[in-house]
Amino acid sequence: MFSCKVARYKSQIFSNLKEKKANKILEIGIGTGPNLSYYGSNPDVQVVGIDPNPEMEKYARSSAASAGLPLSNFEFIHAVGEVIPLSDNSVDAVVGTLVLCSVKDVDMTLKEVRRVLRPGGVYLFVEHVAAKDGTFLRLLQKILDPLQQTLADGCHLSRETGDSITRAGFSSVELDMAFLSNATFVNPHAYGIAYQ
Ligand SMILES: C[S@@+](CC[C@H](N)C(=O)[O-])C[C@H]1O[C@@H](n2cnc3c(N)ncnc32)[C@H](O)[C@@H]1O
């Protein structure tokens, strides 16, 4: 159920890459590379994945190979979203899924995303965010947040990441929300597309 619903809204937002002819893609916090299967069918795609955890490189490379992405079309760089090692206006699309919960500085990361995106480029995102103020879930997230940060590698439960994306200065943002029944307190999820 969890993966089914995620796959549905990922398919929805990732279809924008083809429509916008996005051939140069940066993925921030690429992890093991679960999104690489969405790019493999484009023979012209060049993907750069960044992640501060060097352990992720071998998994991401293996996912790239499984996705049919030639290794010459995929580069893994050991780096953080707050300091992206790419030039200004250099990519057609930035992808980030379940990563702004873990970065040290959300606003700085979004500033970097905008810096590297070319004019007209797109930022595709899927992020779990804080529940509505005043709800029991929000209270639970507040209580569990310190433990979650310790156990889940710096992941924050109470970030209002959808608002941060909306305020980051993109020319427009299309944002939807989803509640994943199997994700318990790691809910809701904000997903969508922001236009540079
Ligand atoms: C929950 S995982 C998500 C991985 C992948 N994007 C996915 O959807 O499965 C979070 C990833 O963010 C990475 N990360 C943590 N801090 C980061 C930062 N400051 N900049 C970029 N990535 C970061 C972690 O190493 C990890 O691979």
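The table that follows gives values for the structure above.
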{"read-out": "Contacts under 6 angstrom Cβ, first residue in segment 41-56 being over 17 Å from Leu71 (Cα atoms) and of a type outside the set (Lys, Arg), partner within 13 Å of the ligand (Cβ to nearest atom) and outside any loop (DSSP other than H, G, I, E, B), 6 or more apart", "value": "Pro54/His78"}
{"read-out": "Failed item, numbered, when Ala130 is tested on (1) hydrophobic (A, V, I, L, M, F, W, C); (2) within 14 Å of the chain's Cα centre (by Cα); (3) open to solvent by 10 Å² or more (accessible area, probe 1.4 Å)", "value": "(2)"}
{"read-out": "Count of segment 60-117 residues which are outside any loop (DSSP other than H, G, I, E, B), out of contact with any strand residue (DSSP E or B) (no Cβ under 6 Å at 6 or more places or on another chain), within 15 Å of the ligand (Cβ to nearest atom) and not polar (S, T, N, Q)", "value": "9"}
{"read-out": "Conditions (1) at pLDDT 95 or above; (2) in a loop (DSSP other than H, G, I, E, B); number of the one not met by Asp153", "value": "(1)"}
{"read-out": "Scope segment 1-17; condition among the polar types (S, T, N, Q) and open to solvent by less than 70 Å² (accessible area, probe 1.4 Å); matching residues", "value": "Ser11, Ser15, Asn16"}
{"read-out": "Pairs with Cβ under 7 Å, 6+ apart, first in segment 116-139 and without any contact (Cβ under 8 Å) to a residue 24 or more places away in the chain, second open to solvent by 10 Å² or more (accessible area, probe 1.4 Å) and assigned to a helix (DSSP H, G or I)", "value": "Lys132/Arg138"}
{"read-out": "Single residue of segment 152-180 satisfying the filter (surrounded by fewer than 17 Cβ atoms within 10 Å (Cβ to Cβ) and within 15 Å of the ligand (Cβ to nearest atom)) that is farthest from Pro119 (Cα to Cα)", "value": "Ala152"}
{"read-out": "Matching residues, segment 18-42, being open to solvent by 10 Å² or more (accessible area, probe 1.4 Å) and either within 17 Å of Ser72 (Cβ to Cβ) or touching a strand residue (DSSP E or B) at 6+ places or on another chain (Cβ under 9 Å) (or both)", "value": "Lys20, Lys21, Asn23, Lys24, Gly29, Gly31, Pro34, Tyr38, Gly40, Ser41, Asn42"}
{"read-out": "Criterion: closer than 17 Å to Ala194 by Cβ and of a type in the set (Val, Ile, Thr) - qualifying residue of Val80, Val106, Val47", "value": "Val106"}
{"read-out": "Residues being touching a helix residue (DSSP H, G or I) at 6+ places or on another chain (Cβ under 7 Å) and either under 19 Å from Glu112 (Cα atoms) or assigned to a strand (DSSP E or B) (or both) - total across segment 181-196", "value": "6"}
{"read-out": "Test for Ala194: is it closer than 22 Å to Met108 by Cα, open to solvent by 20 Å² or more (accessible area, probe 1.4 Å) and hydrophobic (A, V, I, L, M, F, W, C)", "value": "no"}
{"read-out": "The one condition in (1) free of Cβ contacts under 8 Å to residues at least 12 places away in the same chain; (2) away from the ligand (no atom under 12 Å from the Cβ); (3) not hydrophobic (A, V, I, L, M, F, W, C) that Gln149 fails to fulfil", "value": "(2)"}
{"read-out": "Search result, residues across segment 39-59 that are of a type in the set (A, V, I, L, M, F, W, C), within 13 Å of the ligand (Cβ to nearest atom) and not in a strand (DSSP E or B)", "value": "Met56"}
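The values are calculated or read from the model by the stated rules, or taken from the named source; none is laboratory data. All of these numbers come straight from a predicted model, not from anything done at the bench. Glycine also receives a Cβ, built like all others from the backbone with ideal geometry; neighbour counts cover every protein chain displayed. The protein model used for the area step is the full one, side chains on, heavy atoms only, and it has no ligands, DNA or RNA in it. Shrake-Rupley method; radii C 1.70, N 1.55, O 1.52, S 1.80 Å.
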